[in-house]
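Inspection log for the structure reproduced underneath, given as structure tokens.
Bear in mind that the values in this text are calculations on the coordinates, not laboratory data. Computed from a predicted structure; not experimentally measured. Here the Cβ positions follow ideal geometry from the backbone for every residue, glycine too, while neighbour counts run over all protein chains shown.
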Amino acid sequence: MQKNTGLKILSVSSVLLLVAALYMVFVYAPLEAVMGAVQRVFYFHVAAGWVGALAFFVAFAAGLLHLRRGSLLADRVALCSTEIGLVFMSMNIVSGAIWARPIWNTWWTWDPRLTTATITWLLYAAYLLLRQGIEDPQRRARFAAVYGVIAFASVPLTFAAIRIFRSIHPVVIGAGAPGAKGSFDMTPAMRDTLLFSVLVFTVLYGTLLWHRLRLEQLSERVAQMRLRLLQG
Amino acid sequence: MVNTAAETAYYLWLAAGAFGLLGGGYLVLLVQRWRALQAALAGLQANAEQQEAGR
């Protein structure tokens, strides 16, 4: 594999941006009056959730592209994006539970947002399992694309869950839910920190996707070489 | 609600640990997969060269 300067620059930038985001979360953003420092979990919690949704959207778009044009590159993008999305979605769910313990006095409750987020996580974990079960690459790509397009329905549902159903989960964007516990009004510094964290996590996603796609490319090279050797 | 500074620190470290473990764990996994594939490729290439020389 050849050295990739662009990817190297992007990787270093991602690390530096992450350090800057940590500075903003712990130094620049003011202390929230009611929740105290625990509220700081919120910045990366929301950013991780955003990247999860973005990654699943990319997988959805790549799935549609594969179904339309039969592109195997699109299938590769869908696989890599889903894998990264699952990692960020896990961060989102786990950090939410850690925030909930002191604020809601429980690690977990079957609230509409928490339930739909868990369903989304399970659907995409199943996507990876489905891929493992099909040998033929063309068939696997087609099945995964159809599954990925259908599974994406859970993403807008998760976003809308706290706006449609009665929920104790705070609403950050738009009007707050009346029954929410742990809601707060963001100051401009808090908003800046949130937007910066979202930006940093998006760059991080792009970097990881690039790395993951290179890994997939290498994996395919190995598979092809093995096949060539077996055929003699 | 959080009552003490120690309690706050506990939850913040817990969150940092979760982010670190998931993010760091995934990165380690990617690096390990990359190394294993590079080793496999080198092995296959050596095998192919031997096959060529044997002909």
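Quick look at the numbers
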read-out	value
Cα long-axis angle, helix A:72-104 against chain A (0 to 90 degrees, to the nearest 10)	20
Mean separation of Cα contacts under 8 Å (6+ apart) over length of chain A, as relative contact order %	29
For region A:71-90 versus region A:105-171, the gap between their alpha-carbon centres in whole angstrom	14
Helix axis angle, A:5-23 relative to chain A longest principal axis, alpha carbon, degrees	20
Computed label-point distance, nm, for sites A:A37 and A:W210 using a 7 Å Cα→Cβ extension	3.5
Binned Cα-Cα distances of region A:41-223, short to long, each 10 Å bin given as a whole percent	9, 34, 32, 17, 7, 0
Nearest-0.05 FRET efficiency for A:V27 and A:V146, computed from C-beta distance (R0 41 Å)	0.30
Charge context of A:T207, other residues only, Cβ under 13 angstrom, K/R +1, D/E -1	+3
Förster radius 41 Å - calculated FRET efficiency between A:R69 and B:Q51, Cβ distance, rounded to 0.05	0.65
Label-point separation in nm, B:A9 to A:W110, each point 7 Å along Cα→Cβ	3.9
Cα centroid separation - region A:1-56 against region A:174-232, whole Å	11
Rough spin-label spacing in nm, given labels placed 7 Å along Cα→Cβ, for A:L229 and A:D185	6.7
Charge tally in the Cβ shell below 14 Å around B:Y10, where Lys, Arg are +1 and Asp, Glu are -1, B:Y10 excluded	+1
Helix axis angle, A:41-69 relative to chain A longest principal axis, alpha carbon, degrees	30
Residue-wise HN-Hα coupling along region A:189-199, computed from phi with Karplus coefficients 6.51, -1.76, 1.60 (Hz; x: Gly, Pro)	5, 5, 5, 4, 5, 5, 4, 5, 4, 5, 4
Ordering of A:32-42, B:21-31, A:81-91 by packing [mean C-beta count within 10 Å, highest first]	A:81-91, A:32-42, B:21-31
Under 14 Å, Cβ to Cβ, from A:V222 - net charge with Lys/Arg +1 and Asp/Glu -1	+4
